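To keep things clear, I will list the structure first and then write my remarks on it.
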Amino acid sequence: MESPIIAGVGMTPFTKPGASATYDVMAADAVRRALSDAGLELTDVDRAYAAYVYGDSTSGQRGLYHVGKTGMPIVNVNNNCSSGSTALWLASQAVRSGTADCALAFGFEQMQKGALNMMWTDRPSPVRDFIDVVARRYEGTEEVPMALLLFGAAGADYMERYGTRPETFLKVTVKARQHARSNANAVFRDPVTVEQVLASPRLFKSLTRLQACPPTNGAAAVIVCTSDFARAHDIDSGTRIPGQGLATDTAVSFDPDDLSGVVGYGVTEQAAAAAYEQAGLGPGDVDVVELHDCFTVNEILAYEALGLTAPGTSEKFIEDGDNTYGGRVVVNPSGGLLSKGHPIGATGLAQITELTQQLRGAIADGRQVEGARIGLQHNIGVGGAGVVTVLG
Amino acid sequence: MPAGQRAAQLAYEQAGVSPSDVDVVELHDAFASEEIVHYEDLGLCERGEGVALLRSGATSLGGRIPVNPSGGLLSPGHPLAASGVRTIADITNQLRGRAGDVQVPDARVGLAQMLGGVVNGMDVAAASVHVLTR
């Protein structure tokens with residue numbers, strides 16, 4: 001089966017909650033940008049997958065109908081923070097299998113201020129088992145918002161296991177801000193120092209606010225197609241998806257002695273193995289990475305789970321500058337979730353947008369990774385699901 | 001053309017069957033009135049003949065084309081995301097001859113239809129039609 005071609009990408013600028021258009025208008029904006037990028041009309045698209053977490057049912061239709069009502073199949077997708085990539089996984093599967101010639105994945109989120117928490121309190125939380133694993137390991141977990149608890153605990157666990165210095169985590173935020181400086185789509189573009197990240201309000205364990213991504217509004221869209229379709233529509237077929245994996249939890253996610261699992265380390269490893277194998281490539285082939293740095297600790301865990309550096313060696317990887325321009329790979333040239341923001345349904349598709357533009361070599365504002373040929377995308381959601389995509 | 005009618009046409013075409021081949025139907029009767037419209041959208045009768053089809057008894061158990069032998073959404077209830085899968089399960093049981101008291105004799109072609117949402121105007125946001133055979 002042939003690799004899907006990335007025909008078009010597009011995203012809106014990301015903003016703080018309350019500073020954007022509504023979800024449906026943002027969604028339509030991103031879809032129009034992707035269609036324009038591909039030189040296509042909505043009537044050229046066979047089917048669409050709409051990703052979002054916060055909103056009523058059929059929000060995807062509401063957004064896409066602003067662009068056109070073609071009667072195509074539209075499927076709304078919710079897979080927590082990996083929703084956007086899950087939509088792309090479905091679109092790619094449709095194209096790979098020959099079910100569709102051209103498929104659209106779009107994602108959007110209109111978020112509220114404050115830490116992520118549960119919306120439905122009259123029923124068991126889907127992440128209850130993950131929280132219980134943390135509670136068996138650490139005290140004082142009650143009343144801590146879910147995401148801060150899980151990622152804060154995973155960070156503490158990592159530091160205990162490898163003796164990692166607190167500054168190592170802080171440097172991830174500093175790098176993210178440096179990368180985002182010239183990205184007009186990013187929420188946070190001002191540089192910060194290690195001292196400022198440390199001095200920001202403490203959330204849980206050693207996690208501070210500037211080590212957490214902000215609630216964000218925004219939308220992004222990606223169109224994939226077959227090579228026959230690309231030829232017929234005069235589409236640049238230079239960027240493809242040679243490998244992609246979607247994985248969910250196994251027993252390793254629920255080990256109180258290794259809390260990297262509750263935030264998706266095993267899921268990432270499994271999805272990455274599938275993506276690398278399908279692509280016939282390995283971590284050593286990768287030039288540029290967009291990974292899921294919802295918290296600083298998750299960037300560090302992802303370096304290792306994606307095979308960019310060996311387990312426990314992230315501190316040296318960071319010290320050596322191997323995660324930025326001039327190093328072995330450039331990780332999150334967009335500024336990542338920490339600086340660009342994390343409008344949940346849009347995030348995975350914004351990552352693909354950045355990587356596609358990087359591989360086209362056409363980013364003009366100073367963050368182009370020179371000579372980038374292979375891109376790697378990583379997007380996970382607690383609960384859980386993770387997607388890893390190889391672009392080339 | 002309403003989404004429900006389009007989905008039905010796509011499903012009939014892909015399956016290579018016509019409405020007259022269908023032995024048993026499970027459909028989205030969230031409200032009693034819509035069942036009449038769905039008869040027409042699914043081609044079980046001509047446009048405007050839905051009420052007459054109902055009154056004829058053809059869509060009751062023992063009729064020509066029993067609709068919702070399970071009791072539909074109106075009786076078993078409508079846990080939204082579960083209903084579409086429940087109808088597939090009920091049609092599968094009909095085709096396997098395992099539907100017990102509500103078995104349609106020798107059912108060989110079944111149809112399951114589910115609809116969702118109203119976004120803009122009066123049409124549904126999504127319509128799904130499955131044709132099942134044995």
(request) Please state which one of A:Asp228, A:Asp255, A:Asp249, A:Asp234 is at positive phi and out of contact with any Lys or Arg (no Cβ under 9 Å at 6 or more places or on another chain). (result) A:Asp234
(message) Could you check the stretch A:1-16 and list, in sequence order, the residues that are of a type outside the set (Asp, Glu) and surrounded by fewer than 17 Cβ atoms within 10 Å (Cβ to Cβ)?
(response) A:Met1, A:Lys16
(message) Among the residues of the stretch A:119-142, are any of a type outside the set (A, V, I, L, M, F, W, C), more than 14 Å from chain B (Cβ to nearest Cβ), within 20 Å of the chain's Cα centre (by Cα) and over 22 Å from A:Arg33 (Cβ atoms)?
(response) no
(request) Please report, ordered by residue number, the helices (runs of 4 or more DSSP H) entirely within the stretch B:1-119 with at least 3 residues that are of a type outside the set (Gly, Ala, Ser) and closer than 21 Å to A:Val75 by Cβ. (result) B:3-15, B:80-96
(request) Consider B:Arg108 carefully, then state whether it is under 19 Å from B:Gly16 (Cα atoms), surrounded by fewer than 20 Cβ atoms within 10 Å (Cβ to Cβ) and charged (D, E, K, R). (result) yes
(message) Within the stretch B:29-40, does at least one residue satisfy the condition of being surrounded by 14 or more Cβ atoms within 10 Å (Cβ to Cβ), farther than 28 Å from B:Arg98 by Cβ and either within 14 Å of chain A (Cβ to nearest Cβ) or of a type in the set (Val, Ile, Thr) (or both)?
(response) yes
(request) Go through the stretch A:51-64 and give me each residue that's within 11 Å of another protein chain (Cβ to nearest Cβ) and closer than 27 Å to A:Ser97 by Cβ. (result) A:Ser57, A:Thr58, A:Ser59, A:Gly60, A:Gln61, A:Gly63, A:Leu64
(request) List every residue pair whose Cβ atoms lie under 6 Å apart, where the two residues are 6 or more positions apart in sequence or sit on different chains, the first residue falls within the stretch A:90-102 and is of a type in the set (A, V, I, L, M) and crowded, with 19+ Cβ neighbours inside 10 Å, and the second residue, located anywhere, is assigned to a helix (DSSP H, G or I) and at pLDDT 95 or above. (result) A:Ala100/A:Ala94
(message) Among (1) within 14 Å of chain A (Cβ to nearest Cβ); (2) exposed (fewer than 15 other Cβ atoms within 10 Å of the Cβ); (3) in contact (Cβ under 8 Å) with a residue 12 or more places away in the chain; (4) in contact with a helix residue (DSSP H, G or I) (Cβ under 9 Å, 6 or more places away or on another chain), there is one condition B:Leu74 misses while meeting the rest; what is its number?
(response) (1)
(message) Looking at A:Pro215, A:Pro166, can you tell me which residue is touching a residue at least 40 places away in the same chain (Cβ under 8 Å), within 18 Å of A:Thr347 (Cβ to Cβ) and out of contact with any Phe, Trp or Tyr (no Cβ under 9 Å at 6 or more places or on another chain)?
(response) A:Pro215
(message) Six or more apart or on different chains, Cβ atoms under 9 Å: show the pairs whose first residue is in the stretch A:299-322 and closer than 17 Å to A:Gly282 by Cβ and touching a residue at least 60 places away in the same chain (Cβ under 8 Å) and whose second is among the acidic types (Asp, Glu) and crowded, with 23+ Cβ neighbours inside 10 Å.
(response) A:Ala302/A:Asp293
(message) Take A:Gly68 and tell me if it is surrounded by fewer than 21 Cβ atoms within 10 Å (Cβ to Cβ), within 14 Å of chain B (Cβ to nearest Cβ) and not acidic (Asp, Glu).
(response) yes
(message) List the residue pairs whose Cβ atoms are under 7 Å apart, where the first residue sits in the stretch B:79-105 and is at pLDDT 95 or above, the second is buried (at least 17 other Cβ atoms within 10 Å of the Cβ) and of a type in the set (Val, Ile, Thr), and the two are 6 or more positions apart or on different chains.
(response) B:Ile91/B:Val24; B:Gln94/B:Val24; B:Gln94/B:Val104; B:Val104/B:Val24
(message) Any residue that is out of contact with any Gly (no Cβ under 7 Å at 6 or more places or on another chain), within 14 Å of chain A (Cβ to nearest Cβ) and modelled with pLDDT of 95 or more - is there at least one of those in the stretch B:124-132?
(response) yes
(request) Would you check if A:Asp234 is acidic (Asp, Glu) and either assigned to a loop (DSSP other than H, G, I, E, B) or crowded, with 24+ Cβ neighbours inside 10 Å (or both)? (result) yes
(message) What pairs come out if I take residues in the stretch A:333-362 that are among the charged types (D, E, K, R) and pair them with residues that are modelled with pLDDT under 95 whose C-beta lies under 7 Å away, six or more apart or interchain?
(response) A:Arg360/A:Gly238
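The values are calculated or read from the model by the stated rules, or taken from the named source; none is laboratory data. Given the structure is predicted, the values throughout are model-derived calculations rather than measurements. Please note: Cβ atoms are built from the backbone with ideal geometry, for glycine as well, and neighbour counts cover all protein chains shown.
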